[in-house]
Structures are given as structure tokens and as C-alpha cells.
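J.: Pasting a structure below so you can have a look.
The values are calculated or read from the model by the stated rules, or taken from the named source; none is laboratory data. This structure is a prediction, so every number in the text was calculated from the model and none was measured. All Cβ positions, even for glycine, are placed from backbone atoms using ideal geometry, and neighbour counts span all protein chains on display. Remember, those area values only see protein heavy atoms, side chains included, never the ligands or the DNA or RNA. Shrake-Rupley method; radii C 1.70, N 1.55, O 1.52, S 1.80 Å.
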Amino acid sequence: MLLKRFLKYVKIDTQSNDFSPTSPSTEKQWDLLNLLKSELDKLGVQNELTKNGRLYAFVQGDEALDAIGVCAHVDTAPDFSGTKVNPQIVENYNGKRIHLGESGRILDPKEYDVLNSLKGKTLITTDGTTLLGADDKAGVSIIMEVLEAVLKLKEDERRPMYILFTPDEEVGRGAEEFDTEKFKAKFAYTFDGSYPNIINIETFNAKAAEVKVIGKTIHPGSAKGIMVNAGSILADFITKLPSEMVPEKTEGYEGFNHLTDMQGNCELAVAHFILRNHNKAILTKQVQQFNEITLNLRRKYPNAKIELKIKDQYRNMIEIIDKQPECKNFIEGVFKKLDIEPQYEPVRGGTDGATFSFKGCPTPNLGTGSYNHHGPYEFAVLEEMEQLVRLGVEIFKK
Ligand SMILES: [Zn+2]
């Protein structure tokens, strides 16, 4: 059953690691991958767990119909601990503040508006000391439940079904090694969002920038005309960027430049940024601005060495889905069969599906019925997860 399954998965620590070169980035992600593989084996489902931790599965259906895929990721975000997750179940939620265990943290409907619409529902929260990992174990659980229901249908009553579980989505590497030979779906859906009625077909276009300033250090008492302070020059660079175009001041379709980290001293200073925009042309302008600031500062500080490196990260999947809209029309039809009016919302981030789309399998994102991801206030709503299981089953019913 869904709740039992979900509680089992969230208790397995699968935090990924940005700085690890291995794949999966952490050994512990195998714990869930191996468990899922054994569950697929028990169900008699054809599957393959690759040496880099991608778990592919396939269920035969009516060959006359297009195969469709579903995907979720097994890792949890490096942002907050995923060790010893101790889920708390709030039945028949009364609409009031929820104390998260003994942690002193409070899930407050004044702060998290979505709670106001969830009276009477069953919530699964953390005890305040870890994240919950509903991102994306809610997605994994939904897919496994859908699979069990689909297996109860006769082969000629269902579509061919592909499943993919990836590691390392949270560190931007889940879609690496996506293999269309192992995943022959015409299109697919990730279950990796929040609201159960929302479809995401737009992600950011994403680039990363590194600014490096090499200065010259000398005793400050005899520095006149000689010292070149890399730290101050880097600070000058940062203040030349548009101050309103940052994550904390933008929403919806507004893009940003986000200073993710910086360190430095007089001799050497380095900063990293991520650049994000749904609009490709505006993202190009953001890159131009980085270039212009670099050129201007090279003129202003001729004795410093200023380097700028820009790297591509991912692209907005709308580019692909606009050209191949079948995945969008199909899922709209499925929602309507369940009498739900779907809504579209742009993702202020990327998804594995964005990369799958560019690799040949258009993959919009669907909800998981869970909220406040990546921190101790994360929670899931059982009834919404159940609704998404019904949606998933409907995808594969002939
Ligand atoms: Zn996720």
C-alpha cells in the first residue's frame, strides 16, 4: 500500500553529493536502487540496473499502442540531512500549526499557505531534524504503485510501459547516460513536482559562470602603486550586476543571476554564479553582461588578471515540446478523464525530463503531492499522492 511503501523508502538515506566524481555520487543511493530492483524482480518485471545506478524497467502491453514512460529520482538534496528520517503522520489535519517533533520547528499555515487547503487530509511531515525526501520518493512510490496496478491489467488492456529511476537528479546529473535504447518510450513523464493538478512543460535555460581575479599581494604599508586587490575587484564585479535580478527578488518567468559562492583574498578571488531564464534570448543578454563587465574591469584594473568562464547546463524543454506536443495533449486528456482541470506552471529550475526531452524523449513533469522540498518543513499529502497514482494508472490503461 502507498503509505507503507512511502514510509519505507523515505527512511532509506539517499542523499547525493555535489562534489563526488562517482556515479551514483554516493554509495548509499544503491540501498534504494537495489531494493527497487528486488521489488521489480519479485513482481516479475523485466529490468536492468546499470553499473552507474540507472534502473530501467519495461512492462509489455498492446504493441499497437505507443509506449509511454514514467521516471523519478531516488536521491535527496544535499541541502539538508537525510539521515534517520523519522516521518510523523498527521491524520485528519485540523488546519493548525504542526510541531515537528521536539525540534522546536513549526509548520505554520501562516507561512505555508498550501496548508490552508489541506484540512482533513493525511499529512506526512518530518520530525524537524531532517528533510522528508518526498522529493522524490513520493514520485518513486507513486510509480511503483502504478506499476502494481498496471500489472493487474491484461496485456491487451494496457499500453507498453517504461520505467526509469535515476540517481543524482539533485546534483544535476540524473539524466546523464539516458539511454533511448533501454527506454523506448515515445514520450514520458517525471513525477517530481508538487501540486497534483499541475503540469510543467517549461524549465529554465541554464548556464553557470566562474569569475576569477588574480591580483598582486604585498605588505599594505608599502603597497602604493603595486598592490592589486583581487577581492575588491571581485566585489566590484558583483556590484555591477543588476541588483534586482536575483532569486530573492524574482518569481514566475523572471530570470536571475545567482551568486552561489565566493572566496578570496588580495592575491586570488573566485566567485561562481548560476544564470537562469525561461527566455533564451534574455539568458544570452545575461551572458553578454558578464562579458561586458569583465571587459570594463580589465580596462579599469589593467594590472589584474580577470577570467570569465561560462558553461552550458540545461535548456528549456518547451523548445522540444512545442515541436512535439503529443505528450502534452495526451496528459491533458488523462486529467480530463479524471475530471481534473490541469494547470501549467513554469519550473524555476530544471528537471531530468528537460534533458530527456533534448535526448529524444519529450518528458513533461507532473506533481507528487508533496511540498517545501529540500528542508525540514517538507511534507507530503497522502490523498494527493493517491490521486496521482490514479492518474498514473490511467496513463497506461488502453
Ligand atoms: Zn526532485
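J.: Give, as ranges by residue number, the residues of the stretch 213-252 whose backbone N falls under 15 Å from the point 7 Å along Cα→Cβ of K309.
T.: It comes to 213-214, nothing else.
J.: Moving on. Only four residue types carry charge here, +1 at the Cβ of Lys and Arg and -1 at the Cβ of Asp and Glu. Report the dipole size of the stretch 205-313 about the Cα centre in Debye, rounded to the nearest 20.
T.: In total the dipole reaches around 460 debye.
J.: A follow-up question, please. Determine one quarter of the surface area of the Cα convex hull of the stretch 205-313, which equals its mean projected area, and express it in nm² to one decimal.
T.: 6.8
J.: Determine the per residue accessible area of the stretch 12-150 with all protein chains present and a 1.4 angstrom probe, expressed in square angstrom.
T.: 43
J.: Can I ask one more? Along Cα→Cβ, 7 Å out, is where each label goes; now give me the distance between the ones at L65 and N34 in nm to one decimal.
T.: Taking the two extended label points, one gets 3.6 nm.
J.: Could you give the length gained on full extension between Y253 and A149, defined as 0.36 nm per residue of separation minus the Cα-Cα distance, in nm?
T.: My answer for the length gained is 33.7 nm.
J.: Now for a separate question. Net charge near E251, counting Lys/Arg +1 and Asp/Glu -1 over other residues with Cβ under 13 Å of its Cβ?
T.: Net of charged neighbours comes to -1.
J.: I've got another one for you. Within the stretch 181-279, list the chymotrypsin sites (Phe, Trp or Tyr not before Pro) lying in a DSSP loop whose Cβ has at most 16 other Cβ atoms in a 10 Å radius.
T.: Y253
J.: With every protein chain present, what is the per residue accessible area of the stretch 205-313 (1.4 Å probe, Å²)?
T.: Computed with neighbouring chains in place, this is 58 Å² per residue.
J.: Per-residue ellipticity at 222 nm for the chain, helices alone: DSSP H runs ≥ 4 residues times -39500 (n - 2.57), over residue total, nearest 500 deg cm²/dmol?
T.: -9000 deg cm²/dmol
J.: Moving on to the next point. Which three semi-axes in whole Å describe the equivalent ellipsoid of the chain, each the square root of 5 times a Cα gyration tensor eigenvalue, listed largest first?
T.: Taking √(5λ) for each eigenvalue gives 42, 24, 20 Å, largest first.
J.: Now for a different question. Pop the C-beta distance of Q324 and T50 into the FRET formula with R0 = 30 Å and round what comes out to the nearest 0.05.
T.: The formula returns an efficiency of 0.70 here.
J.: To continue, here is another question. With everything on Cα atoms, drop me the angle between helix 326-337 and the longest principal axis of the chain, reported from 0 to 90° to the nearest 10.
T.: Roughly 50 degrees, rounded to the nearest 10.
J.: Among Y9, A188, I282, which residue has its Cα positioned farthest towards the positive end of the charge dipole of the chain, with +1 placed on the Cβ of Lys and Arg, -1 on the Cβ of Asp and Glu, and the dipole taken about the Cα centre?
T.: With unit charges placed on the Cβ atoms, the residue in question is I282.
J.: Scan the stretch 20-74 for trypsin sites (Lys or Arg not before Pro) in coil per DSSP, keeping those whose Cβ has at most 11 other Cβ atoms within 10 Å, and list them by number.
T.: K51
J.: Here is a further query. Return the subset of K8/K28; K280/K328; K4/K137 for which the Cα-Cα distance in this structure is over 18 Å, preserving the input order.
T.: Beyond 18 Å between Cα atoms: K280/K328.
J.: Further, regarding this structure: Given the C-alpha centroids of the stretch 319-398 and the stretch 49-127, what is the distance between them in whole angstrom?
T.: If you average the Cα positions of each part, the centres end up 15 Å apart.
J.: From the alpha carbon gyration tensor of the stretch 4-102, can you work out the equivalent ellipsoid semi-axes (sqrt of 5 times each eigenvalue) and give them in Å, largest to smallest?
T.: 30, 21, 12
J.: Right, something else. Any idea what % of Cα-Cα pairs in the stretch 314-398 are farther than 18 Å?
T.: Tail of P(r) above 18 Å: 52 percent of Cα pairs.
J.: Taking loop as defined by DSSP and a crowding limit of 13 other beta carbons within 10 Å, which GluC sites (Glu not before Pro) in the stretch 1-71 fit?
T.: The qualifying sites are E27, E63.
J.: Only bridges with both residues in the chain count here: give the DSSP antiparallel percent, nearest 5.
T.: 75
J.: Using a 1.4 Å probe on the protein heavy atoms, what percent of the accessible area of the stretch 256-398 belongs to carbon and sulfur?
T.: Carbon and sulfur atoms account for 50 percent of the accessible area of the stretch 256-398.
J.: Using r as the Cβ-Cβ distance of K96 and Q343, and R0 as 25 Å, what FRET efficiency do you calculate, to the nearest 0.05?
T.: Working from the Cβ atoms, E equals 0.35.
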